[in-house]
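K.L.:
Take this structure, written in C-alpha cells, and hold onto it; I'll ask about it next.
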Amino acid sequence: MASKDAETVIASYEAVNRRDIAAAMEALHEDAEWHESGVLPEPDVQTGRDAIGRFLEDFLEQWESFHQEIVETVLEGERVAVFIHLTAVGRGSSAEVDARYAHVWQMRDGLAARVDAYYDRDEALAAIAP
C-alpha cells in the first residue's frame, strides 16, 4: 500500500505543475487538512478539499511559471515525506525563486488526511519517524 500512497502523492504534484487543481485534489480526503510551515509569519491551516483547492489556485495565480520537482520520497507506514525543489517566476515581478522544502502526507485509506509543510529536512524526517 505504501508505494500506491507515494504514487497518489506524486500524481498530485504533477497535477499542480499542470495547474490542474481538480486533479490534484483527488489525492485528498474531503475533510483533509493542509498545514503551512510554522516558520512562516502567519502559518495557515486549510481544511477540506474546497478550501485547499482555493488556496492552491490563489497561490498559483502569483506565478508566471511554477514547477515542483520531487527530489526524494520517504515512506514510513501511512506517511509519505516528499522533498521538493521549486523553481518559479513571479507574475508581474519576474522574481525568480529557487527553493527546497518538504511536505509530509498522512495517508488514510489511500488518500491524504493531512499535509504538513516543512522548510527543514530533519524536521520533516522526524515527522514521519515511528
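Coordinate-derived values only; no laboratory data. Computed from a predicted structure; not experimentally measured. All Cβ positions, glycine included, derive from the backbone under ideal geometry; neighbour counts span all protein chains shown.
K.L.:
Add -39500 (n - 2.57) for each DSSP H run of 4 or more in the chain, then divide by its residues: what number comes out at 222 nm, to the nearest 500 deg cm²/dmol? Mind showing how you got there, number by number?
P.N.:
Working: 4 runs with 42 residues, N = 130.
Calculated mean residue ellipticity at 222 nm is -9500 deg cm²/dmol.
K.L.:
Tell me, PHE59, PHE83 in order of fewest to most beta-carbon neighbours within 10 Å?
P.N.:
In order of increasing Cβ crowding within 10 Å: PHE59, PHE83.
K.L.:
Can you tell me how segment 35-98 classifies by the Cα gyration tensor, rounded, prolate or oblate, using a/c under 1.5 as the rounded cut?
P.N.:
Working: a/c = 1.93, a/b = 1.28, b/c = 1.51.
In terms of gyration-tensor shape, oblate.
K.L.:
So, one more: In which sequence would MET25, MET107 go, from the one with the fewest C-beta neighbours within 10 Å to the one with the most?
P.N.:
Numbers: MET25 20, MET107 23.
Result, fewest neighbours first: MET25, MET107.
K.L.:
Count the net charge of all other residues whose Cβ sits under 12 Å from the Cβ of TYR119, scoring Lys and Arg as +1 and Asp and Glu as -1.
P.N.:
Its environment carries a net charge of -3.
K.L.:
Can you pull the one-decimal nm distance between simple spin-label points at HIS85 and ARG108, each 7 Å off the Cα toward Cβ?
P.N.:
For the pair HIS85/ARG108, the computed spacing is 3.5 nm.
K.L.:
Also, I was wondering about something else. DSSP beta bridges in the chain, what fraction antiparallel, as a percent rounded to 5? Numbers along the way, then the final one.
P.N.:
Working: 33 of 37 bridges.
About 90 percent, rounded to the nearest 5.
K.L.:
Quick check: residue separation of ALA11 and ALA51 times 0.36 nm, minus the Cα distance between them. What number comes out in nm? Present the calculation step by step, with values, prior to reporting the outcome.
P.N.:
Numbers: separation 40, 0.36 × 40 = 14.40 nm, distance 1.97 nm.
Full extension of this stretch gives 12.4 nm more.
K.L.:
Next question. In µm²/s, what is D for segment 2-128 at 25 °C and 0.890 mPa s, where D = kT/(6 pi eta Rh) by Stokes-Einstein and Rh is the Kirkwood radius from Cα pairs?
P.N.:
D = 167 µm²/s.
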